[in-house]
Each structure stands twice: as C-alpha cells, then as structure tokens.
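What follows is a set of notes on a single structure, which appears directly below.
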Amino acid sequence: MLITKFLHNCLNEALQKLIDEQNITNFNPPEYVVEKPKNKNHGDYATNLPMQLAKTFNENPINIANKIKDNIDENDIEEVSVANPGFINFKLSKSWLEKEILKCIGQKDDFGNQNEKNKKVQVEFVSVNPTGKLHLGHIRGAVIGSTISNVLESQNVSVTREYYVNDAGNQIDFFCESIIERIKELQGKKFIITEEMYGGIDIIDISKKIISKYPDYQNYNFSEITEDEIENLKKISIEICINEIMTDLKSLNISHDNWFYESSLIDSKYLDETIDILSKLNLVYIKDGATWIKTEELGDDRDNVLFKSTNKKPTYFATDIAYHRDKFKERFFDNVINVWGSDHHGHIKRMKLILEKLEINPDNLDVILNQIVSLKSNNKTVKFSKRSGNSIFLSEIVEEIGADACRFSFLSRSSESQMEIDLDLFKSKSSENPVFYIQYAHARLCSILKKANEKHFDFESKKILSLKTNEEINLAKKIAEYPELLHRVSKNYGVHELTFFALELSQLIQKFYENNRVFDNDSNNKEITKSRLIITKASKITLANLLSLMGMSSPEEM
RNA sequence: GCCCCUGUAGCUCAGAGGAUAGAGCACCGGUUUCCUAAACCGGGUGUCCCGUGUUCGAAUCACGGCAGGGGCGCCA
C-alpha cells in the first residue's frame, strides 16, 4: 500500500474513534493532506488534519492533534508527534522501511507498478501535420506524451499511443505543391516557392526520397499532371513524410501503436454520420454557402464552420469532432488524453461542449497543453515557422546532444511553463546535463553488483537487511517513495516530477556510494556487505525502472 | 477588446494553502594507497513582479495592476 494512503487510513480511523467518543453527529470530514514535510526534522510524513478540524471542533488544534495521536496505534509507525501550530508528524519505523526494500528486490522490473482496475486510455500525441520533418518545437509534446503513456502503463492502464495524421486539409495541398516545385528544382527546371508553400530544406530531402523510391518522377513532366496523378503524389509524399517522422520519433525512443488518418473519417462517411447527429440536434445551419455549428449557443465565443463554402470540404474542427466521437463511441476508451500545443487551447472548450451533446462525458477528455518552445539567439526570440523553413530539426538536436539528454531537458520543465531555448547554450551545456550524473549513479551501482557476482556473493537468497547509516536510511526512504511518485504522476500528469525524483535519488545513491563501502577487506563484515548489496540492488532496480519510464537508457558502464 | 499560460537566486527552473522557500548550472575552497573523481564535502543577504483583501497561516487563494508569451481563421 502507498505510504500516504496507509497514513490516511490510520488518521481516518483515529478520527472516527474521536468522533465516536465525543458523540459528534453530522460530521463532514475535512480535506487534509499527508505529505513529506520540507524540513526533515519534522519527520518522514506530516498532516495538517488537526488544523483543518479546529473550526468544526471549536478547539485548539494542538489539543485535537494530541487526541488523534492517542488514537493511533500502528506497528509500522515508530513515532507520532505533535508540533505547532497543529501538525501531526510521523516517523516510519526502520522495519517498515526494510520491508519495502525487500519488496523492491522481489518485484524487480515491476517495482513501482500498481494493480488498479484496468482502464482503457488513449494518449494522442505529436500528431504533427505530415508536411515536413519534426523540429525543435515538436520535441516537447512528443517527450511528454510518451512519458505519460509509460507511466500510465506502469499503473496497469491499458494505453493506446496514437498519432492523428491530418492528411485531409488544404495544408496538404500546399505541401504537395511544394514537393512538385522541389522535384522540378531537382530536375533542373524552373520552380517557384510561394509564401504559402513549405520552404524548408526538409522538403528538398523528402523530394529526393520520393524520386529515389519512385524513379518515374526523375523526368516527370509536371506541366501535364492530372488531378488523379496529383492525388497519387500526395499519397506518396505523405507516406514518405510519415516515414521520416517515425524515424525521428524512434530516435527519441518513441513509437505509436496506432496512426489514425483524418481522411479515413471522410472516406468511411463516419464524419457525415456524426454531423447528421448534430444536425438532428438542431445544431447545424447553412450560411453564406458554408455549413456552421451553433457553438455560441452552447457557450463558446462564436459559431464555427464545419464545411467550407469554397470547396465544401470539412474543417479541422469537423473531422476532429468525428475523431473524438470515434475514440469514445466506437473504440470505448474510458479516458482520452490529448497532448496539444498551447495554440490549441481555444479548441478545447468547443470540443468539450460538442462531446456533451454527443452524450460523451467531457471530463473523460483530458487535454495537456504544453506551452510553446521558442528559440533565443543573441538575446532575440526567434519564432519557428515550418513554412519559412526557420526551424532546427529534431534529428539535428538528437544527433548533437543525444536522445537521453534531449528527453531529460524537455521533460524537466512542467508543461505549462514556457521554454525559451538558447540553442548554443543548450548544446554546450549538454555535457553537464543532469542525465549523465543520474546514469553515472546507475553505472556505479552496476559496478558493485558486477563485483558481487564475480566474488559469487549470494546476498539475495538469505536477504539480510539492516539499515544503519544515514546514507542507507535516506536512500531507502527515497526508494520506498517511488511507487507513490508513479501513482501521483499518473493522476496529475506532472511528468517533470520524474526528473527531479531521478536526480534526488541519484544524489542519495552517490552519497551512499562514497560513504558506505560495500566491499570491505575485513572479512568479518560480510553481514554489512550483504545488507548493502541489497540496498545497492534495490537502488539499481528503482533507478533503472524510472529511467526506462522516462524513455532513457540505463548504462551499466560509463 | 475577450480568453489561456508565465513572472521565485547570476542563468535554467521546482515548490501551487502549512513549519526556516529549494534544485541544477555557473562561481570559490577542500577530498583519491580503497566497489568508476562523469564523484564527494563546504560555501546562498531572494522585493517569491507590484498592491489590496481572505485565512490561525499566502510564493501558493480572490480582486486590481504591471511585464512577457500564446489564442480569438471558411489554417491545422
């Protein structure tokens, strides 16, 4: 059981006893927290419960705290103390801690995992238009989405990682036009890149790949191209582009379970069916040749267009409505998590309003907005633009600083804080990235375990564990906290907490390593060696599990 | 004009009702016959953007400002 849950239970029981004793009726238990206090002198965990009760009990919180304290009787808690202005502090017993460490050894790769009820959750992330290669601005959502997926999976959630491919809008038309012009360029012919086209060098790259895979385009005469052939080239361009995106994502240790094509919603008539439902709800009307939806009536700022007047094609919003209906009504996801760039925030409200009309609980859709990543150079902010070609590609970053350092950097900021990256600083600092410190800690543990193996030290069968030094105890406490961390992150999606935990855990490991020799020349100390090998093993398990959830490697040597 | 996010140490950022506000980096000094020195130990005088309020208690909540970013398309 999670520590905080255990302590909550203890407190609730003690509180119930108190209420029974005092014959209090109509009692509403207050919201209170059990958390690790900032100051270690206040114990391992603390609660503010007495202060929250002060008003309803009309009594001094210290008195309440003492009464609750008297009602707590638990073997696993070594010490319960009351502190001003009304905290109850807990110190957990060493035997409890030792039990947790042995549990970790037993569970190995599963340590930290939970067996909650098996929910079905979809995480949709990246979903960048297939109109070029991924760049710096796309890394954040990719890293956050994949990490959330990993954490949820550890909590026994059945996760589908999905990429929504916007292959139906007019951006694709511009993309295809850009490809045609670049192929013409490669043919040595006249070409024009207009402002609305994609001018980045990645398009040249993709064009080259198209020619090498489909050599017919080598000498193709585009002045006579038919509609059908344009459609064909569009398909090919998207295919090649998606391949590039997949390769880039793979370099960051990311893969999706499902690639969902926007066009499939149109081809299957699922979009029309969905709009029909909204029509029957009297939410759809035609004005100025376009089809509109009455979102203002539902509470949005204004109405929105579903089908454009110019070509009767659906807008992004229209297909996205059908897409989300599909997620809930056809594929029965209990929860859907969308990792979106903050520029989509206006989209959330109207999507939720429509979901409600489609009899889907909007609370089952969580949107994680990550704030924009901007680039700073010479104290000036540079804006990314795919179209102007003003971007740094994901592949360049990964090549330069490595996937692990890249993931760590983007993971270590909370998603709602803006990131302004000075690229030169970002690259030059990469060797000082905390990820190497963390991995070094892991390598050092492996080195000890390797030595134990060489010496045929059997420390796992008899499991002797006796925590003595401060370093051992502090490290063990951190390890015991790990399942709590995963549970919390799976609820609040604050994946940046993982990086901070990894760093703190590594610091404790390094301190343990420096000050608590595992192998000693004195053969009388075999018991200590065995005990420390257990802690070493547990630390390695925890750190490796955590690194794996963050999508990073755990090197055994550095 | 309306909506969203952000403002905390020199820099990059955690902390989001609770006790003395933290970490990484940078900077200064020390540590190696011994499991990896990519390490360890020591060194922090902060207007928590400003103001007013709510509360036993505010960096955290409310209201009003200031500053930066994003959104308010028949783009996606």
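Taken together, the values in this text are just the output of simple stated rules run on the coordinates, not laboratory data. Computed from a prediction, not measured in an experiment: that's the story for all the values here. Cβ atoms come from the backbone with ideal geometry, glycine included; neighbour counts cover every protein chain shown.
Remind me, what semi-axes does chain A give for its equivalent ellipsoid, largest first in whole Å, using sqrt of 5 times each Cα gyration tensor eigenvalue?
Working: eigenvalues 536, 225, 71 Å².
In descending order, the three semi-axes are 52, 34, 19 Å.
Would you order A:446, A:406 from fewest to most other beta-carbon atoms within 10 Å of each residue's own beta-carbon?
Numbers: A:446 18, A:406 26.
Listed from fewest to most nearby Cβ atoms, that is A:446, A:406.
Rule-of-thumb check for the range A:3-92: C-alpha Rg over 2.2 N^0.38 Å? The partial results should precede the final answer.
Values: Rg = 12.2 Å, N = 90, 2.2 N^0.38 = 12.2 Å.
After normalising by residue count via 2.2 N^0.38 Å, the value is 1.00.
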Checklist line | Loop sites in the range A:262-318: trypsin sites (Lys or Arg not before Pro), DSSP, at most 10 other Cβ within 10 Å | finding: A:302, A:312
Next item on the list: Within 10 Å, count the other beta carbons around each residue, average over each peptide in A:316-323, A:432-439, and list them highest first.
Entry: A:316-323, A:432-439
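State the extension gain, in nm to one decimal, for the chain segment bounded by residue A:186 and residue A:557, taking 0.36 nm per residue of separation less the distance between their alpha-carbons. Please report the intermediate quantities before stating the final value.
On the way: separation 371, 0.36 × 371 = 133.56 nm, distance 4.65 nm.
The span from residue A:186 to residue A:557 would gain 128.9 nm if fully extended.
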Check: Nearest-5 percent of antiparallel DSSP beta bridges in chain A?
Finding: 50 percent
Next item on the list: Could you pull out every residue, at least 5 positions away or on a different chain, whose amide H is within less than 5 Å of the one on residue A:370? Hs are placed 1.01 Å off N in the peptide plane, and Pro or chain starts have none.
Entry: A:340, A:341, A:342
Margin query: Just to check I understand the Karplus step: with θ = phi - 60° and J = 6.51 cos²θ - 1.76 cosθ + 1.60, what whole-Hz values come out for the range A:25-39, glycine and proline as x?
Written below: 10, 6, 9, 9, x, x, 6, 8, 10, 10, 8, 6, x, 5, 8
Next item on the list: Would you please give the residues with an amide H less than 5 Å from that of residue A:337, counting only those at least 5 places away or on a separate chain, with H modeled from the backbone geometry?
Entry: A:122, A:123, A:124, A:366
Next item on the list: Could you tell me which of A:85, A:65, A:15 has its Cα farthest along the dipole of the range A:3-92 towards the positive end, charges placed at Cβ (Lys, Arg +1; Asp, Glu -1), taken about the Cα centre?
Entry: A:85
Notebook entry, point to check: Taking the Cα centre of the range A:121-192 as origin and charging only Cβ (+1 Lys, Arg; -1 Asp, Glu), how large is the dipole, in debye to the nearest 20?
Noted result: 340 debye
Check: Counting Lys and Arg as +1 and Asp and Glu as -1, each charge on the Cβ, what is the dipole of chain A about the Cα centre in debye, to the nearest 20?
Finding: 1100 debye
Notebook entry, point to check: Any idea what angle helix A:316-325 forms with the longest principal axis of chain A, computed on alpha-carbon atoms, 0 to 90 degrees, nearest 10?
Noted result: 50 degrees
Check: How large is ³J(HN,Hα), in whole Hz, for each residue of the range A:219-234 in order, when computed from phi with the Karplus curve 6.51 cos²θ - 1.76 cosθ + 1.60 and θ = phi - 60°, using x for Gly and Pro?
Finding: 10, 5, 9, 6, 5, 10, 5, 9, 4, 4, 5, 4, 4, 5, 5, 4
Item checked: Assigned charges on the beta-carbon of Lys, Arg, Asp, Glu; the range A:3-92 dipole about Cα centre (debye) -> 360 debye
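May I ask for the net charge around residue A:553, where only other residues with Cβ less than 13 Å from the Cβ of residue A:553 are counted and Lys, Arg are +1 while Asp, Glu are -1? Could the numbers behind the result be given before it?
Details: positive: A:407; negative: A:404, A:556, A:557.
Net local charge, residue A:553 excluded: -2.
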Checklist line | Relative exposure of A:558, A:351, judged by other C-beta atoms within 10 Å (fewest first) | finding: A:558, A:351
Check: ³J(HN,Hα) across the range A:59-66 via Karplus (A = 6.51, B = -1.76, C = 1.60, θ = phi - 60°), whole Hz, x for Gly/Pro?
Finding: 8, 4, x, 5, 4, 4, 4, 5
Margin query: Using 28 Å as the Cα-Cα cut-off, could you pick out the over-long pairs in A:280/A:491; A:120/A:349; A:234/A:294; A:99/A:455?
Written below: A:280/A:491; A:234/A:294
Item checked: Cα lying deepest toward the dipole's positive end in chain A, options A:531, A:426, A:193, charges on Cβ -> A:531
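So how do A:413, A:350 line up by other beta-carbon neighbours within 10 Å, fewest first?
A:413, A:350
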Check: If you project the alpha carbons of the range A:265-332 onto the principal axes, what extent comes out on each, in Å, largest first?
Finding: 35, 28, 20
Next item on the list: Towards the positive end of the charge dipole of the range A:3-92, with charges on Cβ (+1 Lys, Arg; -1 Asp, Glu), say which of A:52, A:3, A:39 has the farthest Cα.
Entry: A:39
Item checked: Euclidean distance between Cα centres, the range A:18-65 to the range A:125-178, Å -> 46 Å
Check: Fully extended, how many nm does the chain gain between residue A:312 and residue A:224 (0.36 nm per residue separation, minus their Cα-Cα distance)?
Finding: 29.0 nm
Checklist line | Angle in degrees between helix A:345-357 and the longest Cα principal axis of chain A, rounded to the nearest 10 | finding: 90 degrees
